Amino acid sequence: MNSTYKAFWLKDGDLVVIDQTQLPFQIVTKTLKTSGDATLAIQDMTVRGAGVIGNVAAFGVYLAARESKGDLSKIKPLAAVIRGARPTAVNLMWAVDRMIAVLEKANIQKQDLVEVALAEAIAIADEDVVGTRNIGKFGCELIAAIANNKPQGKPVNILTHCNAGWLAIVDRGSALAPIYEAFEQGINIHVWVDETRPRNQGANLTAWELAQAKIPHTLITDNTGGLLMQYGKVDLCIVGTDRVTLKGDVANKIGTYLKALAAFDNQVPFYVALPSSTFDMQISDGVKEIAIETRSPDEVLYIQGLQDDGKVGKIRVAPLETPALNYGFDITPARLVTGLITERGICDAAETAIAGMFLDLIP
């Protein structure tokens, strides 16, 4: 595998992943040896981000093939468990389905299914590497155009929500890929980082990634973005996504819809970056057809952080008697999306444009 992979890598046939629940205060890895390990890593958010979830699912099928000694009849039920680990990110289902389709064909040809599964999982990850580089280049063109119209010395201010960097999609991410590309090209940029409650992916992961890359950024509360837009301090919004419908509706981390509404009201361009594997061409209406994951209330009731004694701990932030509801995602209607940044180019969030660019993906 390519040495530029950061969120996960192979070691002695096992899959090693960065435990994202431990960031940003410590870098801890977990070694996944079985398909059950892969399923749990996806469920408990050891790994996050639509792309990396798909990658780990693909390698999970490889691990299932290894533990089943290449018996397809035993691989399939294990793969089905992986496929159901989380309901919203379509890359998970897409990756498992692709792996099984390849294994079924290889089984007919009497090939070694363990070797085939490993090769296909690596191929999926390699494709993501190329895809994120292209997303970065196309998205950077938008940033460069804004920079050309800014007064000298003034940065392009980009607002993002949740994490869609290299921890989410190897090896540049989706929403952060244009930011990395722009920074490397010497464009003066600054990133507003939403904290992204309740799991704080922005504060814990996006801010950490940007700090590692020395990209100027500022952490803000989730409700600050609208005011910044009113003040003219946001030039562009770029977010990632876990699923996009044929008509351009976008499922992303809870709070994305409100950012899109604020951007629309303040005439701030709102772009969604994604690899083509995040399209779900079988559905059209995001609100009616996308299953929104409901996660543990404890994610809302408690918060984890670095305590004064230097230890990472968890504290409760609400009364003991107070219940909580924790939807993980929301739906941003296509009408609020300025455009979709993909590895094939930028297109409108509309069925005609999506079908024109991705006709080969429509069943």
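The values are calculated or read from the model by the stated rules, or taken from the named source; none is laboratory data. Just so it is clear, the model here is predicted, and its values are computed rather than measured. When we count neighbours, we look across all protein chains shown, and the Cβ atoms used for this are built from the backbone with ideal geometry, even at glycine. In case anyone asks, the SASA skips ligands and DNA or RNA and just uses the protein heavy atoms, side chains included. Shrake-Rupley method; radii C 1.70, N 1.55, O 1.52, S 1.80 Å.
Rounded to the nearest 20, the size of the Cβ-charge dipole of the range 91-211 about its Cα centre is 440 debye, with Lys and Arg at +1 and Asp and Glu at -1. Solvent-accessible surface (1.4 Å probe) assigned to VAL102 amounts to roughly 40 Å². Note on ALA144 and LYS110: the model spin-label points, each 7 Å out from Cα along the C-beta direction, lie 5.4 nm apart. Around the Cα centre of the range 3-85, unit charges on the Cβ atoms of Lys, Arg, Asp and Glu (plus for the first two, minus for the last two) sum to a dipole of about 160 debye.
With a 1.4 Å probe and all protein chains in place, put LYS69, LYS105 in order of accessible area, largest first. Don't skip to the answer; put the middle values down first.
On the way: LYS69 175, LYS105 130 Å².
From most accessible down to least: LYS69, LYS105.
Can you figure out the FRET efficiency of ALA291 with ASN266, using R₀ = 35 Å and their beta-carbon distance, to the nearest 0.05? Can you show the working numbers first?
Details: r = 31 Å, r/R0 = 0.89.
So, using R0 = 35 Å, E works out to roughly 0.65.
When shorter helices are ignored and each DSSP H run of at least 4 residues is given -39500 (n - 2.57), the per-residue value for the chain at 222 nm works out to -12000 deg cm²/dmol.
Probing with 1.4 Å while keeping every protein chain in the model, the per residue accessible area of the range 1-156 equals 44 Å². The accessible surface of the chain, taken with every protein chain in place and a 1.4 Å probe, is 53 percent carbon and sulfur. Here the range 61-111 is assigned +1 on the Cβ of each Lys and Arg and -1 on the Cβ of each Asp and Glu. Its dipole about the Cα centre then comes out at about 60 debye.
What lysines could a cross-link reach from LYS233, if we take a straight Cα to Cα line under 18 Å and drop same-chain neighbours fewer than 8 places away? The qualifying lysines are LYS150, LYS154, LYS259.
As a test question: what accessible area, to the nearest 10 Å², does LYS247 have when a 1.4 Å probe is rolled over all protein chains in place? Answer for LYS247: close to 100 Å² accessible.
Against the set (i) 4, 17, 17, 13, 11, 13, 14, 9, 3, 0; (ii) 5, 23, 27, 21, 14, 8, 2, 0; (iii) 5, 25, 34, 25, 9, 2, 0, the structure's computed P(r) over Cα pairs in 10 Å bins from 0, in percent falls on (iii). Each residue of the range 41-53 is assigned a 3J(HN,Hα), and the resulting list reads 4, 6, 5, 8, 6, 4, 10, 9, x, 3, x, 5, 4 Hz, derived from the Karplus form 6.51 cos²θ - 1.76 cosθ + 1.60 (θ = phi - 60°), x at Gly and Pro. Computed over protein heavy atoms with a 1.4 angstrom probe, the accessible surface ordering of ARG48, ARG316, ARG133, ARG335, largest first, is ARG335, ARG133, ARG316, ARG48.
For GLU289, GLU115, give me the order by solvent-accessible area with a 1.4 Å probe, most accessible first, ignoring ligands, DNA and RNA.
On the way: GLU289 85, GLU115 125 Å².
Highest to lowest solvent-accessible surface, that is GLU115, GLU289.
Go ahead and run the numbers for FRET between ASP298 and THR221, Cβ-Cβ distance against an R0 of 25 Å, rounding to 0.05. With a Förster radius of 25 Å, E is 0.75. The range 278-336 and the range 199-239 have Cα centres separated by 18 Å. Only one residue of ALA64, VAL337, LEU227 has its Cα farthest out toward the positive end of the dipole of the chain, where Lys and Arg carry +1 and Asp and Glu -1 on Cβ, and that residue is LEU227.
Label separation (GLU351 vs ALA101): 2.2 nm, computed from points 7 Å beyond Cα along the C-beta direction.
In this view, the solvent-accessible surface of THR352, computed with a 1.4 Å probe and all protein chains in place, comes to about 120 Å².
The angle separating the long axis of helix 113-148 from the principal Cα axis of greatest extent in the chain is about 10 degrees.
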